[in-house]
Structure formats: structure tokens, C-alpha cells
Amino acid sequence: MVQRAGERKSGKPRVHVITMGCAKNTVDSEKLLAQLRINRIPIASTIDEADVAVINTCGFIDAAKEESIDMIIAGVKRKGQGRLRKVIAMGCLTERYRVDLEKEIPEVDRFFGTHQLGDVLEELGGHLRSELLGERYLTTPSHTAYLKISEGCDHPCSFCAIPLMRGTHVSRQPEDILEEARTLARGGVKELIVIGQDTTFYGMDLWGERRLASLLESLAGIAGIEWIRLMYAYPAHFPLDVLDVMVRHPNICRYLDIPVQHASDTVLKSMRRGMTTRALRELVATIRAKVPGIALRTTLIVGYPDEGEKEFAELLEFVRESRFERLGVFTYSLEEGTTAHPLGDPVSREEKERRRAAVMEVQREIAEDLNDALVGARVRVLIDRLEGDSWYGRTAADAPEIDNEVIIPAEGAELAPGTFSDIGIVDAYEYDLLGRVSV
Ligand code: SF4
């Protein structure tokens, strides 16, 4: 067995953490990494340097589950070759399928669920320092960070297995959230991306009322934070006071991620979304009226069991009419333990793919239109990185990893990651924009 640098010195194994899935998993991994640092357990930035691999898995839908299982299998293969001493799997997939996984992949040393940070640390020779749970070891660029304000979900969406993995909704205490945000700001973070399973439900368990608006108000007061971005807003019972706070504070992006999932009454009812198509239309109109220039992002599911041609046509019409600035589409994934499971999976994979492509074709035209309208304008861009001969950045209408980018040829452009710059838009692609500093 190869003795690795740092192991000899601390006698502790070098740990590499691999994060699968969503931004909520990213935060969990960053908290684990921060606790490793606090426990003086060496962190390996690549798997090649590591003695132990911790795979923070995702169990959301088929594709994500497959990716996580592939990563676990790759890990145990490395172990079999003597290139790793231990493989640990944690997170959503193991929370949901631990018994099966223990049987099917016995080479994995330990399996942990979604609420076992302390146990993972024990396994790695450390102890949970709960008083330091606000500490983060960022894996995102240092100027942007996710801020998880709650865990779990109380909604009954028929297709969704997340409550099976993450449990019921638990809001974090506001002072803990604010302290974490201040620490991130002191560390150079400029953009806070507010996340949860449903961020609008914040406070319901603590005070019996939605307190997202007042939390955002407090976050807006933190020195150094220039952008606050709100993600994962549930449409039903959407707290409109959030929009007033958004308008009042220039450092809260006029951006809202609000997954509607579908827009046919029949499907919305079967999905148990607590919304009608009419209410969705009214909500979109109200948001646009109250926050002029807001960029709305949404997510849709196509191929749900009760989605026939008529229901799909209603969805397409809603997409055409609502002109979301940003939109993503998932194909329906049959999930055990969900209330939709007994409906089976009658829509074929090919038909799901055809519908997903049809929605994205409508959205591509909308995106192109919206981008064309920006040619000639100057927009404020947060610079993320230099890649090849171009800088890449984002406007306030773009979340990292999932939305559009502004591409700026590097030649003659004095830019730096984590800085804001006014960029002249000279051309538009389907989704991305081409800009120049000097125009
Ligand atoms: S709001 Fe619905 S879709 Fe989102 S995590 Fe909760 S149950 Fe799942």
C-alpha cells in the first residue's frame, strides 16, 4: 500500500469527497469538508491523492441514481486495485436504498444516510463539532456560495421521492443562517444562492408562518454580498411579500427559480401540486407586474402517467405564453414509494424524449428572442472564470451551472474572477451571449 504525503505526518488518511446531484448535496459536502479541516483530517483534492473516497450520492431520479451507482462502482474498483484504502457512500441514494446497496456492493466499507454527518466523521477518525456547523469548505468558485436555509419537504408531490430521502421540512434558525452568510461574505463570497427543497416554506415549522421575506431582508443587509439569488420556490401559496423585498433591495437579484412541473389541470391535480393552470398564469403575471424585468426560471416534467396528447398540448401552450427566461425539462421517472408509483409508467422513453425535445424547441426560440433583444445593451456581469481564450461570466438572470453565460474574449480584457464588470453585448447565441469590455 502506497504511503501518501500528509498521511505519514498526521497519521490520518487523506480523504477525497465526491459530490453527486444537487446544490443541497454540495452544501452537505462542503460542511463535511469543513469538519475534516477542523479535525485536521487531510483533504485530497483529487481521488489519485486519496486514501479514502467519500461519495455523496443522489437518489432523485433514474439517471441520477445510475450516475451515483457508477461512481460507487468506480470507487470500489480503485480499492480493488489498491489505489484506495476505503470507500464510503453517503447521501440520498444510500438513505433510500441502503439495504439493497449493502447486499449488491459489499465492497463499500460503510453506507451513511442524509442525516449522519457525525457518523461519517467518526468513521474518518474525527468528531462532529456542531458549534462549527456554519463553517464551509467551498467547492464552488470562491465568490459564489449556496446557502441552505432548510432541509426536507412537507409537500405531497406524487412523483417525488425527496421527502423519502430528506425527511419533513426543517427550517434552520435565522441567526445560524445569517452567521454562516456573514462568514461566507468575510471569506470573499459576493453571490449567495438561497436554496432548500421549498425556500418559500421557510419558517412554517418554527413560527407557523412564512418568513422568507424577512430572512431575505436580513441577508440583504450583509456587507459584501452583492447578489442574493432565490431558488426552489414552490408556486402554491407563494409569499408575495418576497417580491416587495426583492424590489426594495438592489442586491437581491431580480431572478426567481419557481419549478411549476406542469401546466395542465389534469396533471397538476394528479401530481398533487395544489395549483391550477389558471392560478399559475395569475402568479406568473403577478410576479412580472410586481418585479419588472424579473428573470423567471422554471422546471417541468414531461411523460407523467396522466399526461396525454391534450395535456401535453396545454403544457406547450403555457410555455409559449409564459415566456420563461430560463427553463429546464425532466422526463418522468417512476419512483418506488411515491404516490404516483401505482400509476405505472405508460409513456414510452422515446415519447418522453420527443416531448422533452418539443418543449425545448419552443424554449429555444424564446431564449433566442430574449437574447437578441440584449444585443447592443450593457449588462452587469459577474466574472466566473477564464477558460481558453475567453472569460466566462453571468448576468443577474443566470444561476451558475444551469443557466446562460456571457462569453468575453480575453484579449485586452482586464478582468478577474469574482469581480463585476459592465459588458457590452455584441452578439447572441441560442442561450449564451458574446460581450466585450470596451464596447
Ligand atoms: S416540493 Fe414537491 S417536488 Fe419539491 S422536493 Fe418537495 S415533494 Fe419534491
Filter result (loosely packed, with under 14 Cβ neighbours inside 10 Å and of a type in the set (Gly, Ala, Ser)) within the range 336-375
GLY337, GLY344, SER348, ALA357, ALA373
Restricting the search to the range 77-97, which residues are touching a Ser or Thr at 6+ places or on another chain (Cβ under 8 Å) and open to solvent by 10 Å² or more (accessible area, probe 1.4 Å)?
MET90, CYS92, GLU95
Condition (residue is open to solvent by 80 Å² or more (accessible area, probe 1.4 Å) and over 30 Å from LEU192 (Cβ atoms)) applied to the range 376-390: is it met by at least one residue?
yes
Test PRO342 against the stated conditions and say whether it is more than 22 Å from the chain's Cα centre (by Cα) and farther than 27 Å from THR140 by Cβ.
yes
With the condition kept exactly as written, say whether any residue in the range 396-410 is on the phi < 0 side of the Ramachandran plot, of a type in the set (D, E, K, R) and touching a Pro at 6+ places or on another chain (Cβ under 7 Å).
no
Among the listed residues PHE324, PHE330, PHE312, PHE318, identify the single one that is among the aromatic types (Phe, Trp, Tyr), open to solvent by 30 Å² or more (accessible area, probe 1.4 Å) and at pLDDT 95 or above.
PHE330
When every residue in the range 289-304 that is more than 16 Å from CYS157 (Cβ to Cβ) and surrounded by 15 or more Cβ atoms within 10 Å (Cβ to Cβ) is compared, the one nearest to the ligand (Cβ to nearest atom) is ARG297
What pairs come up if the first residue lies in the range 64-76 and is surrounded by fewer than 22 Cβ atoms within 10 Å (Cβ to Cβ), the second is part of a helix (DSSP H, G or I), and their beta carbons are under 9 Å apart, counting only those six or more places apart or on different chains?
ALA64/CYS92; ALA64/LEU93; ILE69/LEU93; ILE69/LEU101; ILE69/GLU104; ALA74/ILE47
Being in a helix (DSSP H, G or I) and within 16 Å of the ligand (Cβ to nearest atom) is the filter here, so list the residues in the range 167-214 that pass it.
THR199, THR200, PHE201, MET204, ASP205, LEU212
Failed condition for ARG37, given (1) part of a helix (DSSP H, G or I); (2) open to solvent by less than 60 Å² (accessible area, probe 1.4 Å), with all others met?
(2)
If we keep just the residues of the range 108-127 that are in contact (Cβ under 8 Å) with a residue 12 or more places away in the chain and open to solvent by 90 Å² or more (accessible area, probe 1.4 Å), which is farthest from PRO13 (Cα to Cα)?
HIS115
Qualifying position, being at pLDDT 95 or above, under 27 Å from LEU184 (Cβ atoms) and open to solvent by 20 Å² or more (accessible area, probe 1.4 Å), among THR46, THR57
THR46
Go through THR139, THR144 for me and flag whichever is open to solvent by 60 Å² or more (accessible area, probe 1.4 Å), modelled with pLDDT of 95 or more and touching an Asp or Glu at 6+ places or on another chain (Cβ under 8 Å).
THR139
Of the conditions (1) in a helix (DSSP H, G or I); (2) out of contact with any helix residue (DSSP H, G or I) (no Cβ under 9 Å at 6 or more places or on another chain); (3) within 16 Å of the ligand (Cβ to nearest atom), PRO259 clears all except one; give me its number.
(1)
Could you please find all residues in the range 401-439 being charged (D, E, K, R) and assigned to a loop (DSSP other than H, G, I, E, B)?
GLU401, ASP403, GLU405, GLU411, GLU414, GLU430, ASP432
Quick check on ALA358: is it in contact (Cβ under 8 Å) with a residue 40 or more places away in the chain and more than 20 Å from LEU256 (Cα to Cα)?
yes
Any residue at all in the range 125-148 that's in a loop (DSSP other than H, G, I, E, B), more than 22 Å from ILE301 (Cβ to Cβ) and within 16 Å of the ligand (Cβ to nearest atom)?
no
Quick check on ASP154: is it under 23 Å from GLN116 (Cα atoms), of a type in the set (Asp, Glu), within 8 Å of the ligand (Cβ to nearest atom) and open to solvent by 30 Å² or more (accessible area, probe 1.4 Å)?
yes
Please name all residue pairs, on different chains or six or more residues apart, with Cβ atoms under 8 Å, provided the first residue is in the range 250-279 and is farther than 21 Å from LEU230 by Cα and not assigned by TED's automatic domain parsing to the domain that holds ARG356 and the second residue is more than 16 Å from the ligand (Cβ to nearest atom) and of a type in the set (A, V, I, L, M, F, W, C).
none
Checking the structure you have, find out if any residue of the range 239-255 is open to solvent by less than 10 Å² (accessible area, probe 1.4 Å) and over 30 Å from HIS143 (Cβ atoms).
no
Checking ARG98 against (1) in contact (Cβ under 8 Å) with a residue 24 or more places away in the chain; (2) part of a helix (DSSP H, G or I); (3) touching a Phe, Trp or Tyr at 6+ places or on another chain (Cβ under 7 Å); (4) not hydrophobic (A, V, I, L, M, F, W, C): exactly one of these is not met. Which one?
(1)
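The values are calculated or read from the model by the stated rules, or taken from the named source; none is laboratory data. It should be emphasised that the depicted structure is a prediction, and the values quoted were computed from it without experimental measurement. Backbone-built Cβ (ideal geometry, glycine too); neighbour counts: all protein chains shown. Only protein heavy atoms, including side chains, enter the accessible area calculation; ligands, DNA and RNA are left aside. Shrake-Rupley method; radii C 1.70, N 1.55, O 1.52, S 1.80 Å.
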